[in-house]
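The following block contains the structure, expressed as structure tokens.
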Amino acid sequence: HPPSFFSPHPPGYNRRMFRCKRSGLVRRLWQSRVAAGHGQEADDWSDLAASLNELKSLTHWLLKRLKEKPLEVLAQAVESSGGLHTACVYMAKNEVRLGRHTLAPQILLCRLFRWPDLKHLFELKRLYSCESFSRSTDNATVCCNPYHFSRLCGPDSPPPPYSRFSTNDEEKPLECTVSYSETEATSSPNITPGDFSDASLSPDTMKQSHWCIVAYWEHRTRVGRLYTVYEQSVSIFYDLPHGNGFCLGQLALDNRSETVKRTRSKIGYGILLSREPDGVWAYNRSEHPIFVNSPTLDIPNSRTLIVRKVMPGYSIKVFDYEKSCLLQQATDTDYSDGPYDPNSVRISFAKGWGPCYSRQFITSCPCWLEIMLNNSR
């Protein structure tokens, strides 16, 4: 018998095998780019004066610098459209040249696999779940996983001068903004503290401090228990591979209307809600818009409530801690029509409400969330 260390393969066989696997992953990723198979792909990169061949060469060169494991992680993220929880994919920070321009590697990958119209880093927000969220910016590498980013939503116009709120340079105009005056007093179902008792809390979780409680509504009916959130972020979804969080798909209700069933099927990956140093953020992971109303998105001391439309892949700060403190000091509580909670955020899936729609009130929306924030954070 030959000795155990004897290999039947020629020298360098393993290196060639791994190199072949990496090349296969690179080809898979190239074929998974957003515009693959569409005639207008060249137009998506015309702003960089780059040809498709140049783009392909640069992409292959950049991806082949990754080891096999990060390539597999990247392929999982792209092929699941962010449905799977994936690790960071680190690359050197150095900008790469494409056509007549240079761009950051995370911009290149985000354009390739998510947003061909992306132009600048300030249009992006790194998700709280990404390890690079809290890493020092002095590091030589940066996470370039395109599903660790979202596009930023921001106000359509500068805030009024009396509000003392400034627009963040990173924020981007919204796809659409609608406003309405909600005059139906019963259209804002408030939940009293006693209603929190049906949230299932173990002795261990009772020792922690929650930062919000989530209620899921279908029209005027609350469905399921209240969901108490202790972790810094929570996924709220209908169907998410290996999803961990508040699964709306498991909530049963007799005699659902066809409208509710259709809307529920559009929730998909849902939203990621995260508590961050500057406030609470919502990231739309679904394939359909969400619509948001929050006290800190409203115009101060106005009867007009603002409903913001957040497109798939975008994030919006649904609650600003600093603005909330200023508003609660300055707001005249007599102005509001009907029940008003300065710490409550409402999010509707797929269907908007207000004067642009047949639904004037959120209770007319088939599927929506009420996020009740714990203001003793």
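Only one residue in 316, 306, 347 is under 25 Å from residue 289 (Cβ atoms) and at pLDDT below 95, so which one is that?
306
Residue by residue through region 108-146, note down the ones that are closer than 29 Å to residue 306 by Cβ, modelled with pLDDT of 90 or more and part of a helix (DSSP H, G or I).
110, 121, 122, 123 - these are the residues of region 108-146 that are closer than 29 Å to residue 306 by Cβ, modelled with pLDDT of 90 or more and part of a helix (DSSP H, G or I).
Let me ask another. Give me the residue from region 41-84 that is more than 30 Å from residue 244 (Cα to Cα), in a loop (DSSP other than H, G, I, E, B) and open to solvent by 40 Å² or more (accessible area, probe 1.4 Å) and, out of that set, modelled with the lowest pLDDT.
Residue satisfying both the conditions and the ranking: 49.
Here's something else I'd like to know. Report the residue count in region 345-377 for those that are of a type outside the set (Val, Ile, Thr), closer than 25 Å to residue 256 by Cβ, over 18 Å from the mean Cα position of the chain (by Cα) and not in a loop (DSSP other than H, G, I, E, B).
The number of residues fulfilling the criteria is 2.
Ok, one more. Residue 327 - would you say it is open to solvent by less than 50 Å² (accessible area, probe 1.4 Å), out of contact with any Phe, Trp or Tyr (no Cβ under 7 Å at 6 or more places or on another chain), among the hydrophobic types (A, V, I, L, M, F, W, C) and modelled with pLDDT under 95?
yes
Of the numbered conditions (1) at pLDDT below 95; (2) open to solvent by 40 Å² or more (accessible area, probe 1.4 Å), residue 259 satisfies every one except a single condition; which is it?
Looking at each condition in turn, residue 259 falls short on (1).
While we're here: For region 213-292, which strands (runs of 3 or more DSSP E) that fit wholly inside it have 3 or more residues that are closer than 27 Å to residue 324 by Cβ?
227-229, 233-237, 271-276, 279-284
Residue under question is residue 372, and the condition is that it be in contact with a helix residue (DSSP H, G or I) (Cβ under 9 Å, 6 or more places away or on another chain), at pLDDT 95 or above and surrounded by fewer than 24 Cβ atoms within 10 Å (Cβ to Cβ); does it hold?
Here the answer is yes, as residue 372 does meet what is asked.
The values are calculated or read from the model by the stated rules, or taken from the named source; none is laboratory data. Remember, predicted model here, so these are calculated numbers, not experimental data. Note: ideal-geometry Cβ built from the backbone for every residue, glycine included; neighbour counts use all protein chains shown. The protein model used for the area step is the full one, side chains on, heavy atoms only, and it has no ligands, DNA or RNA in it. Shrake-Rupley method; radii C 1.70, N 1.55, O 1.52, S 1.80 Å.
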